[in-house]
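A short reminder: the numbers here are calculations on the coordinates, not readings from a lab. Note that the structure is a prediction, hence the values are computed from the model and not measured. Note that each Cβ is placed from the backbone with ideal geometry, even for glycine, and that neighbours are counted across all protein chains shown.
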Amino acid sequence: MKLVTISGPPSSGKTAVLVNVIKSIKNSGLHAGAVKYDCLATDDDALFRSLGIPVQTGLSGNLCPDHYFVSNIEECLKWGISLNLDLLVSESAGLCNRCSPHIKGVLAVCVIDNLMGVTTPKKIGPMLKFADIVVITKGDIVSQAEREVFAFQVRRANAKAKIMHVNGITGQGASELTSLFLQAPETETLDGGILRFSMPAALCSYCLGETKIGMEHQLGNVKRIKIKQEQP
Amino acid sequence: MIDILEKKIGHLTAEFPPLTEFFSDYGITFNDLHATLGETLEGLAEEHYEDMGIDREKLLENLDGFLQRVTLSEIAEAPTVSEITIIGGHDKNGHPEEIELTLLRGSVTSIVGPTGSGKSRLLADIEWMAQNDTPTGRTIRVNGQKPDPELRFSLEYKLVAQLSQNMNFVMDTTVAEFVFMHAESRMISAIDTLVADIIAQANLLAGEPFTAQTPVTALSGGQSRALMIADTAFLSSSPVVLIDEIENAGIDRKKALSLLVRKEKIVLMATHDPILALMAERRLIIKNGGIQKIVTTTSREKENLIKLEEIDNKFLALRTRLRSGEMLEEL
Ligand SMILES: Nc1nc2c(ncn2[C@@H]2O[C@H](COP(=O)(O)OP(=O)(O)OP(=O)(O)O)[C@@H](O)[C@H]2O)c(=O)[nH]1
Ligand SMILES: Nc1ncnc2c1ncn2[C@@H]1O[C@H](COP(=O)(O)OP(=O)(O)OP(=O)(O)O)[C@@H](O)[C@H]1O
Ligand SMILES: [Mg+2]
Ligand SMILES: [Mg+2]
Ligand SMILES: [Zn+2]
Ligand SMILES: [Zn+2]
């Protein structure tokens, strides 16, 4: 089975793009399934289910959804294989700009949209910088010039990725994306697999449930802001 | 790649100015211009890489890709386009659009039809070089052939320059920064004078002037259009030009058109304006999402164009008077 990890900031169009890809996968007679990871709630499962494909939802609650993803993706992979799927797509929440669900040897896609502003590509961490394919959505809302400027900023953040414009609503560009999905490597197991980039250390007292503010309550991996003295 | 690590920062940034910007994206600023790039990158704490969400290996890979791109687009030229062909799909009700239309280099074609009939969609199909993968099911050929799929996604070679109908900016930059970034993305050199030229031209088209420091999001509809017209005219060498409703927002449309429509290009423009429609040698009539008819502009029509322009000039004079606060009691 082919596994594809899809990341990207909230509401960037991940599901909209995947819906179009899944439709064209189905048209070619193949079987797809989807897993959606999110934090608190999601409606994406209903959307995927309406396409008539099997879906799993993982809500991470008070954990970082990407950390939760790593602990659970193997299980989901086994589930997909047991259903004899040809393709399993895993959509992550994209809430943490520092975490990314990309795994070495597994096709990694990042979805961002044209409305996020020019500086966004450099602000998004490994989920963009380590992706194999960067999909840019909502090109219909901006001018060609803005699309070009934005794509150029993406190129600077990830020079080797394939950058594609896909429209989540009309599906324009989805068939090319689908053909790239179908060239993804087969993943039979993730046991011993390696993340493309480490997830940040989250081991301070607040990770463990502390709510009080103040030095004396801070333990473990704590990093301090450097207050700069600006000359007026 | 190894070579570049041994070059001194001062030399490198002089040779490739975009590199300064590239490294600043990764939070790297150069203090010692005499150090080599390799030394500088070695000198960064592990923590710095972790904070940036990238490791040294991936950063070098990106640098390599970025440099390849800079050098590549300097040598290569976009392939020439002598014709494009539109092969019909279907209208909004799914009825086949039986048409195969070839547009030659040097031709101007207008697109007319009611609001919502699909004029912009036709332009979008051409920009995208549709391969039966848009709502209309149309297919576009370039020089009689299916365009190279790589070309569709290429950021370097743009076969099509498009002046779209929606012109609302979302980026938080000034006019000068925006035009600069756009020129940079097209790997154009001598950007600074070009930016000034574009802004000057745009101001000739628009009414109320704007400056290089005006935020793009603060431009009016007409000013945005004027800026995009000048930007397209000066920055793009694309062989195909698509124009969507240049007549809106009160810019000088004849001046705009003369900037955009240069020889040797394939031009298509969607319009509601009779003068613009008759200026083209052919017009496509769109109805319900499909090309319903193709009309060649007759010589009678061309003669009427002169009359139309007289009417238009009268109208424009009235508009100027209105804009400057005069009464229109005498016409
Ligand atoms: N105009 C336009 N809207 C789009 C496009 N792609 C997606 N959208 C809209 O953007 C909104 C968010 O899209 P989703 O697909 O739900 O985004 P997501 O990334 O899956 O969001 P989460 O799963 O909540 O993080 C929806 O209303 C989509 O219809 C596009 O290409 N153009
Ligand atoms: N053949 C078609 N099949 C399905 N949908 C279509 C077709 N042609 C156009 N449409 C859709 O119809 C809608 C209106 O089309 P479009 O925006 O191109 O109209 P227009 O002629 O440019 O209108 P205006 O004059 O107001 O700019 C769009 O959503 C477009 O995608
Ligand atoms: Mg979603
Ligand atoms: Mg339109
Ligand atoms: Zn995280
Ligand atoms: Zn913590």
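Counting each DSSP H run of 4 or more residues in the protein assembly as shown as -39500 (n - 2.57), what helix-only mean residue ellipticity at 222 nm follows after dividing by all residues, to the nearest 500 deg cm²/dmol? Walk me through the intermediate numbers first.
Details: 21 runs with 216 residues, N = 563.
Dividing the helical sum by the residues of the protein assembly as shown leaves -11500 deg cm²/dmol.
Just how many % of Cα pairs in the range A:4-67 lie over 16 Å apart, if you round to the nearest whole percent?
Values: 926 of 2016 pairs.
Distances greater than 16 Å cover 46 percent of the Cα pairs.
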(message) Can you list residues from other chains, or at least 5 along the same chain, whose modelled amide H is less than 5 Å from the amide H of B:T109?
(response) B:V267, B:L268, B:M269
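Compute the projected area of the convex hull of the Cα atoms of the range A:1-155, averaged over all viewing directions, and report it in nm² to one decimal place. Before the final figure, lay out the partial values.
Working: hull surface 36.1 nm².
One quarter of the hull surface, i.e. the mean projection, equals 9.0 nm².
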(message) Less than 20 Å apart at the alpha-carbon level, and either on another chain or at least 8 residues along: which aspartates and glutamates does that give for A:K228?
(response) B:E47, B:D51
(request) For the range B:313-318, take each phi angle, set θ = phi - 60°, evaluate the Karplus expression 6.51 cos²θ - 1.76 cosθ + 1.60, and give the result in whole Hz per residue in order, putting x for glycine and proline. (result) 4, 4, 5, 5, 4, 4
(request) Note down the nm distance, to one decimal, between modelled labels 7 Å out along Cα→Cβ at B:E329 and at B:I294. (result) 5.5
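Let me check I have the definition right: for the range B:2-71, take the eigenvalues of the Cα gyration tensor, multiply each by 5, take square roots. What are those semi-axes in whole Å, largest first?
18, 15, 11
Across the residues of B:181-187, average count of Cβ atoms on other protein chains within 10 Å? Intermediate results must be reported in sequence, preceding the final value.
Details: counts 8, 7, 1, 5, 10, 4, 1.
For peptide B:181-187, the averaged partner shielding equals 5.
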(message) Could you check the spin-label model distance between B:E264 and B:D51? Points 7 Å from the Cα along Cα→Cβ, value in nm.
(response) 5.1
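I'd like the FRET efficiency for B:T80 and A:E216, computed as 1/(1 + (r/R0)^6) with the beta carbon distance as r and R0 of 51 Å, rounded to 0.05. The partial results should precede the final answer.
On the way: r = 73 Å, r/R0 = 1.42.
Once rounded, the FRET efficiency stands at 0.10.
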(message) For a distance above 43 Å, tell me the whole-number percent of Cα pairs in the protein assembly as shown that qualify.
(response) 28
(request) Return the average number of partner chain Cβ atoms within 10 angstrom of each residue Cβ along peptide A:117-129. (result) 4
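Averaged over A:161-168, how many beta carbons belonging to a partner chain fall within 10 Å of each residue's beta carbon? Could the numbers behind the result be given before it?
Numbers: counts 2, 2, 3, 2, 4, 0, 3, 0.
Whole-number average of other-chain Cβ neighbours for A:161-168 is 2.
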(request) Compute the distance in nm between two label points, each set 7 Å from the Cα along the Cα-to-Cβ direction, one at B:L5 and one at A:R49. (result) 5.3
(message) So, R0 is 56 Å and r is the distance between the beta-carbons of B:E98 and B:L204; what FRET efficiency does that work out to, to 0.05?
(response) 0.80
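What is the diffusion coefficient of the range A:60-121 in µm²/s, taking the Kirkwood radius over Cα pairs and the Stokes-Einstein relation at 37 °C with a viscosity of 0.692 mPa s? Don't skip to the answer; put the middle values down first.
Working: Rh = 13.6 Å.
Answer, rounded: 242 µm²/s.
Filter B:K146/B:K287; A:K14/A:K122; B:K92/B:K302; B:K146/B:K265 down to the pairs with a C-alpha to C-alpha distance above 22 Å, please.
Details: B:K146/B:K287 27 Å; A:K14/A:K122 19 Å; B:K92/B:K302 33 Å; B:K146/B:K265 20 Å.
As for pairs spanning more than 22 Å Cα to Cα, those are B:K146/B:K287; B:K92/B:K302.
Taking 0.36 nm per intervening residue step and subtracting the Cα-Cα distance, what contour gain separates B:A14 from B:T214 on full extension?
Values: separation 200, 0.36 × 200 = 72.00 nm, distance 2.95 nm.
Extra length available between B:A14 and B:T214 comes to 69.0 nm.
I want the local charge near B:S120. Using Cβ-Cβ distances under 13 Å, sum +1 for each Lys or Arg and -1 for each Asp or Glu among the other residues. Write down the numbers at each step before the final one.
Working: positive: B:K119, B:R121; negative: A:D140, B:D125, B:E127, B:D244, B:E245.
Spelling it out: positives minus negatives among the neighbours equals -3.
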(message) Over 26 Å between Cα atoms: which of A:K26/A:K78; B:K158/B:K293; B:K7/B:K58; B:K8/B:K158; A:K138/A:K226 fall into that group?
(response) B:K158/B:K293; B:K8/B:K158; A:K138/A:K226
(request) Starting from the amide H of A:G58, placed 1.01 Å from N in the peptide plane, find each other amide H under 5 Å away whose residue is 5 or more places distant or on another chain. (result) A:K36, A:Y37, A:D38
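Going by a ≥ b ≥ c, the root eigenvalues of the Cα gyration tensor, does the range B:102-200 fall in the rounded group (a/c under 1.5), the prolate group (a/b larger than b/c) or the oblate group? Numbers along the way, then the final one.
Working: a/c = 2.07, a/b = 1.58, b/c = 1.31.
In terms of gyration-tensor shape, prolate.
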(request) Treating each Cα of the range A:119-203 as an identical point scatterer and ignoring solvent, apply the Debye formula and state log10 I(q)/I(0) at q = 0.18, 0.21, 0.25 Å⁻¹. (result) -0.93, -1.12, -1.29
(request) Using packing as a proxy for protection, rank A:48-55, A:101-108 so that the peptide with the highest average count of other Cβ atoms within 10 Å comes first. (result) A:101-108, A:48-55
(request) Quote the relative contact order of the range B:2-71 in percent (integer), defining contacts as alpha-carbon pairs under 8 Å separated by 6+ residues. (result) 33
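Diagonalise the Cα gyration tensor of the range B:43-176 and give the resulting equivalent ellipsoid semi-axes, square root of 5 times each eigenvalue, largest first, whole Å. Don't skip to the end; give the middle numbers.
Details: eigenvalues 313, 77, 50 Å².
Computed over the range B:43-176, the values are 40, 20, 16 Å.
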(request) Evaluate E = 1/(1 + (r/R0)^6) for B:R321 and B:N166, where r is the Cβ-Cβ distance and R0 equals 25 Å; express this FRET efficiency to the nearest 0.05. (result) 0.20
